[in-house]
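Enquirer: Here it is: the structure, laid out below.
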Amino acid sequence: LGLRPFVVCCFRCAMPRCRSSLSVCVVLPCVGTLALDNGLGRKPPMGYNTWNHLRCNDVTDEKIRLVADALVVSGLAKAGYEYVNVDDCWQAPWGLGLGTFNSRDWLSHRLVPDRAAFPEGMKAVADYVHSRGLKFGLYTDRGWATCAGRGGSAGYEELDAQTFAEWGVDYLKVDSCNAPEGRWESIEEYAKFRDALNATGRPIFFSICGWHAWYAELGGASLGNSWRTTFDVNFWPDVRKTASANAALGRYSQTGGWNDPDCLLGSSAGAEVRLEVEQVRTQFTLWSVMAAPLLLGVNILQLSAEDLAIFSNEEVIAVDQDELGVQGAVVWQDPPLPAPCDEVYGCLQLWSKPLKDGDVALAAVNWRPHAGEERMLVSESTVPALAALRRSSPAGCFHLRDLWSRQDLGKDVCFSVAAHGGGRCRLFRASASALDLRDAHLV
């Protein structure tokens, strides 16, 4: 079956007591003629991606092996970071090369890696990553060229899917540079890749990188295991904008298919893009509450103690990986919703995410740009889920745990959320309590 942009359905309705009948034609988008069927993405993926760390600088066989080693040695692999994803610039350079043209072999038309960077080919790299107990991810583009100008996959979807499967690829990111920008054309092209991957028989996590919210609305889980909802996150203001855009798409995220607000940034030296430590913590908090993919765009080889502590916090990771698979949402804001979080003056926000065991994750975020502390209140009026949590408690109350300080909080405990150039946060897990903590609140 091919995916067609539209299906026109016509119905003829005989009207009682009328001499004529009414014909009604409905134009429907035909999304998901075939569904993604790979059994993957039961939880948001966790791993590493080269782009924010390396861009196109030093993307080599040696560097990827070192990254795989570092994930294992640091304990991050044990914490759940299993994918080692090579982004753009692994392909042979564009143009005429030795036996290649536009990153492809002259005779077989298969994509060819940069021989200087990957002298043994991509399968050798994948085999090494697998030997470390990890999974291997790769990148291509649905256009005629990638964003960095290497050969794309347009017109070669089936051949490239088979090549990737033979190399042992476990995760495929497909970008949208140098490709048609129309909504239905884009979806049709991604559907070709989806079907080509299904046909290989190898389970490959399919990551759509189209940068638009309408991929969630029009395609979603029928197209891929995840879909980028915004443009790249490179700077601190991008984090707030991306979180706001992604928050509006929570109803489309589900087990097997996740909204993807882009990779995580770190503070460690040696990466192409970086944040401050507190900003790293806030992004990680929000991505976990949004049930987003946790892909580290950091310098794993020189990871700071602060970044390691943030990315390996098992209690925060558990919020992201919760089996209920529900994306959190903003339940309270100052200024009040639906007003946007202003770029100049910022805002205060309280996010809530229901968890499988009945607990509730609560993230309090201070986006105000000025230094100082702001007070926020957690109550059943702002978080309705807390009322149900209280009712399920033998003592008729709930218990709060601070997931960053790893402290259990008791009765009449007050809190503030500081601002340091904007973007500090607190993350709590609310549970039914057997103790009388009915006065516990967050300020």
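Enquirer: Of these, Glu120, Glu188, which one is open to solvent by 30 Å² or more (accessible area, probe 1.4 Å), outside any strand (DSSP E or B), touching a Leu at 6+ places or on another chain (Cβ under 8 Å) and touching a residue at least 24 places away in the same chain (Cβ under 8 Å)?
Expert: Exactly one of Glu120, Glu188 is open to solvent by 30 Å² or more (accessible area, probe 1.4 Å), outside any strand (DSSP E or B), touching a Leu at 6+ places or on another chain (Cβ under 8 Å) and touching a residue at least 24 places away in the same chain (Cβ under 8 Å), namely Glu188.
Enquirer: Which ones in the range 241-266 are touching a Lys or Arg at 6+ places or on another chain (Cβ under 7 Å) and aliphatic (A, V, I, L, M)?
Expert: Selection gives Leu265 alone.
Enquirer: Restricting to the range 96-115, count the residues that are without any contact (Cβ under 8 Å) to a residue 12 or more places away in the chain and closer than 30 Å to Leu76 by Cα.
Expert: 0
Enquirer: Here are some conditions: (1) free of Cβ contacts under 8 Å to residues at least 60 places away in the same chain; (2) assigned to a loop (DSSP other than H, G, I, E, B); (3) under 23 Å from Asp262 (Cα atoms). Thr140 meets all but one. Which one does it not meet?
Expert: (2)
Enquirer: Mind checking which residues of the range 92-138 are in contact with a helix residue (DSSP H, G or I) (Cβ under 9 Å, 6 or more places away or on another chain) and either on the phi > 0 side of the Ramachandran plot or of a type in the set (Phe, Trp, Tyr) (or both)?
Expert: Residues satisfying the conditions are His109, Phe118, Gly121, Tyr128, Gly133, Phe136.
Enquirer: Also: Restricting attention to the range 381-405, report how many residues are within 20 Å of Ala329 (Cα to Cα), open to solvent by less than 40 Å² (accessible area, probe 1.4 Å) and hydroxyl-bearing (Ser, Thr, Tyr).
Expert: 1
Enquirer: Just wondering, is there one or more residues in the range 51-68 that are open to solvent by 50 Å² or more (accessible area, probe 1.4 Å), in a helix (DSSP H, G or I) and closer than 20 Å to Phe164 by Cβ?
Expert: yes
Enquirer: On to the next question. Within the range 148-165, identify whether any single residue is outside any loop (DSSP other than H, G, I, E, B), open to solvent by 10 Å² or more (accessible area, probe 1.4 Å), in contact (Cβ under 8 Å) with a residue 40 or more places away in the chain and within 29 Å of Asn102 (Cα to Cα), and answer yes or no.
Expert: So far as the range 148-165 goes, yes, one or more of its residues are outside any loop (DSSP other than H, G, I, E, B), open to solvent by 10 Å² or more (accessible area, probe 1.4 Å), in contact (Cβ under 8 Å) with a residue 40 or more places away in the chain and within 29 Å of Asn102 (Cα to Cα).
Enquirer: Given the conditions (1) over 27 Å from the mean Cα position of the chain (by Cα); (2) open to solvent by less than 10 Å² (accessible area, probe 1.4 Å); (3) more than 21 Å from Asn57 (Cα to Cα), which single one is not true for Gly143?
Expert: Answer for Gly143: the failing condition is (1).
Enquirer: Same structure again: Return the only residue of Val344, Val326, Val330 being farther than 19 Å from Ala361 by Cβ and β-branched (Val, Ile, Thr).
Expert: Val344
Enquirer: Count, please, the residues in the range 191-217 that happen to be under 13 Å from Gly39 (Cα atoms) and either hydroxyl-bearing (Ser, Thr, Tyr) or in a loop (DSSP other than H, G, I, E, B) (or both).
Expert: Result for the range 191-217: 4.
Enquirer: What tally of residues in the range 75-109 results from selecting those that are over 27 Å from Ala305 (Cβ atoms) and basic (Lys, Arg)?
Expert: 1
Enquirer: Tell me, which strands (runs of 3 or more DSSP E) lie completely within the range 346-412 with 3 or more residues that are over 16 Å from Val326 (Cβ atoms), in contact with a helix residue (DSSP H, G or I) (Cβ under 9 Å, 6 or more places away or on another chain) and touching a residue at least 24 places away in the same chain (Cβ under 8 Å)?
Expert: Correct list: 397-402.
Enquirer: Can you tell which of Glu306, Glu373, Glu323 is of a type outside the set (A, V, I, L, M) and over 23 Å from the mean Cα position of the chain (by Cα)?
Expert: Glu373
Enquirer: Identify, by number, the condition in (1) of a type in the set (Ser, Thr, Tyr); (2) farther than 18 Å from Pro44 by Cα; (3) touching a Gly at 6+ places or on another chain (Cβ under 6 Å) that Thr163 doesn't meet.
Expert: Condition (3) is where Thr163 drops out.
The values are calculated or read from the model by the stated rules, or taken from the named source; none is laboratory data. Just so you know, these numbers come straight off a predicted model, no measurement behind them. In this analysis, Cβ positions are derived from the backbone assuming ideal geometry, glycine residues included, and neighbour counts consider all displayed protein chains. All accessible areas refer to the heavy atoms of the entire protein, side chains included, with ligands and DNA or RNA removed. Shrake-Rupley method; radii C 1.70, N 1.55, O 1.52, S 1.80 Å.
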